[in-house]
1. To the nearest Å, what is the center-to-center distance of the range 107-129 and the range 196-223, using C-alpha atoms only?
2. Taking springs between alpha-carbon atoms closer than 10 angstrom, which of 216, 52, 78 fluctuates most in the Gaussian network model of the chain?
3. Ranked highest first by average number of other Cβ atoms within 10 Å, how do 184-193, 205-214 line up?
4. Determine the percent antiparallel among the DSSP beta bridges restricted to the range 38-161, to the nearest 5.
5. Report the label-to-label distance for residue 210 and residue 65 in nanometres (one decimal), using points 7 Å from each Cα along the Cα→Cβ vector.
6. Treat the count of other C-beta atoms within 10 Å as a stand-in for reagent exposure and order 204, 46 from fewest to most.
7. Using mean Cβ contacts within 10 Å as the protection proxy, how do 161-171, 129-139, 112-122 order, highest first?
8. Set the Förster distance to 25 Å, then compute FRET efficiency between residue 2 and residue 22 from the Cβ-Cβ distance, nearest 0.05.
């Protein structure tokens with residue numbers, strides 16, 4: 001961890017801006033990670049299929065308590081075992097989107113530093129994503145991705161609402177991060193559409209009908225088509241990575257937060 005916060009890597013980071021071609025390669029690389037591991041069987045349920053997609057990228061397990069439907073931390077998803085299958089499906093998609101956001105940033109840092117992925121890199125990205133503005137980007141992205149693959153009326157932006165309320169930044173800044181999240185969501189959706197085709201999407205709709213889970217339609221109002229040009233988004237991500245790196249490097253308090261984030265990945269190695 002200490003090696004990451006040295007002049008050697010600081011200079012690499014400042015001179016290693018991410019390009020559009022780099023970003024496109026990252027999206028393709030993430031798709032390729034799961035491509036060879038998703039294999040459905042004839043007797044798979046709809047939930048089983050979504051579970052296999054998730055397992056191709058990151059492990060998950062059930063939890064039996066707590067108010068959250070699911071959670072993502074340190075390459076691991078937790079899912080409430082008391083949920084109906086329809087909610088299990090939508091929650092797994094939501095949490096997988098969080099994993100993809102982390103993967104995109106981790107690989108971006110690796111490109112900028114010209115290194116392989118390591119625990120310190122993952123810890124740094126976890127630190128990055130713990131910031132209130134990053135949470136807005138992350139939650140809006142995950143909710144948008146989830147909404148793409150479930151029936152109209154079931155979109156849930158509850159976690160996004162919470163992080164918006166918790167963030168004290170100006171509304172214009174919060175909106176910028178929301179639009180960055182919406183832009184990244186398009187790319188994550190493009191990855192998932194390789195696995196969740198029209199037939200599986202229709203099956204997911206059927207699962208919601210069978211579970212008789214009533215739609216609320218409240219979340220529809222949060223959906224928007226506003227995105228940011230890819231080159232601008234990639235430039236903003238590069239700048240943000242450098243900003244958070246400087247924050248961690250130059251603040252004892254943030255170094256401690258970074259160390260906690262780093263330590264959280266110990267069980268993954």
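Every number in this text was worked out from the coordinates using simple rules, so none of it is lab data. Worth saying up front: this structure is predicted, and the values here are computed from it rather than measured. Positions of Cβ are backbone-derived with ideal geometry, glycine not excepted, and every protein chain shown enters the neighbour counts.
1. If we compute the Cα centre of each part, the gap is 35 Å.
2. Per the Cα network of the chain with a 10 Å cutoff, 216 tops the list.
3. 184-193, 205-214
4. So the antiparallel bridges in the range 38-161 amount to around 50 percent.
5. Spacing of the two 7 Å Cα→Cβ label points: 3.2 nm.
6. So the residues, fewest neighbours to most, are 46, 204.
7. Ranked from most to least packed, the peptides come out as 129-139, 112-122, 161-171.
8. On the way: r = 27 Å, r/R0 = 1.08.
Once rounded, the FRET efficiency stands at 0.40.
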